[in-house]
Ligand SMILES: O=C(O)CCC(=O)C(=O)O
Ligand SMILES: [Fe+2]
């Protein structure tokens with residue numbers, strides 16, 4: 001149990017772990033992004049600025065291009081990193097629960113000039129729940145950003161405000177920042193710039209914002225991966241079951257029962273597994289080695 005990480009998480013609301021993944025874990029994913037998305041977006045590679053007078057940024061549809069959802073067309077590494085045992089373990093520690101579910105996993109490639117990526121400070125609950133962040137920390141979220149390429153300030157590093165600072169500016173436990181408070185939050189923001197392989201961890205109640213890419217012909221490759229307590233129906237983002245035609249074999253062929261449990265698949269020994277469900281599931285996913293489940 002890494003109590004230092006848990007303390008930092010509760011105090012700051014955001015934790016940056018530089019060089020968390022090894023180059024051998026990240027390099028194949030970098031190659032996937034290169035072949036799927038390329039190194040140039042739409043536009044001529046010079047920065048654009050669409051901010052209105054007095055605003056620090058806003059959401060635009062063009063910021064959200066070049067996003068795909070698990071399972072991916074790319075390598076095993078690209079598919080399995082969302083279910084990395086270290087991410088599962090950290091999620092359990094930070095939420096303080098024994099069972100977690102993966103509820104979000106998407107790629108994101110951003111390019112200088114394709115959009116103005118500057119956003120206003122916000123917490124992500126707006127599209128992760130129909131309610132608001134819970135008072136109970138175990139019913140909130142653990143949101144990871146995995147850095148596939150180097151992320152510097154001129155390549156759109158996320159900026160965030162620590163919990164102490166947002167509480168001071170907005171009042172204790174606030175999760176909505178009115179426009180007249182945005183400049184003050186910006187004055188307290190910190191940068192999450194870090195090299196490829198780094199891991200950023202934040203929660204559903206942490207103020208942060210995307211920032212613009214300004215380096216000529218710059219690009220930023222990241223992956224967004226989020227966990228919640230397994231028994232938390234308030235939180236969701238994707239619905240895995242909706243996309244049965246996607247390449248799920250890439251996950252089934254590699255994942256352990258613990259990893260598959262993060263997608264809602266009952267563990268070996270669960271009463272769900274009967275001769276009938278085993279046979280039908282095997283017909284559905286013939287490549288999946290189900291011997292642990294059949295035992
Ligand atoms: O990609 C980033 O750096 C942050 C984007 C973000 O916060 C969002 O779209 O909600
Ligand atoms: Fe966000």
Say we look at region 220-231 and pick out the residues that are farther than 15 Å from residue 193 by Cβ and assigned to a strand (DSSP E or B); which of these is farthest from ligand 1 (Cβ to nearest atom)?
-> 229
Residue 8 being free of Cβ contacts under 8 Å to residues at least 12 places away in the same chain, surrounded by 14 or more Cβ atoms within 10 Å (Cβ to Cβ) and not in a loop (DSSP other than H, G, I, E, B) | yes
The number of residues in region 278-295 that are touching a helix residue (DSSP H, G or I) at 6+ places or on another chain (Cβ under 9 Å) and part of a helix (DSSP H, G or I) is 6
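Go through 158, 200, 213 for me and flag whichever is more than 19 Å from the chain's Cα centre (by Cα), at pLDDT 95 or above, within 13 Å of ligand 1 (Cβ to nearest atom) and within 21 Å of residue 107 (Cα to Cα).
213
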Could you say whether any residue in region 161-176 is within 13 Å of ligand 1 (Cβ to nearest atom) and either out of contact with any helix residue (DSSP H, G or I) (no Cβ under 7 Å at 6 or more places or on another chain) or closer than 20 Å to residue 107 by Cβ (or both)?
-> no
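The values are calculated or read from the model by the stated rules, or taken from the named source; none is laboratory data. Not measured: the values here are computed from a predicted model. Here the Cβ is made from the backbone with ideal geometry for all residues, glycine too, and neighbour counts use every protein chain on show.
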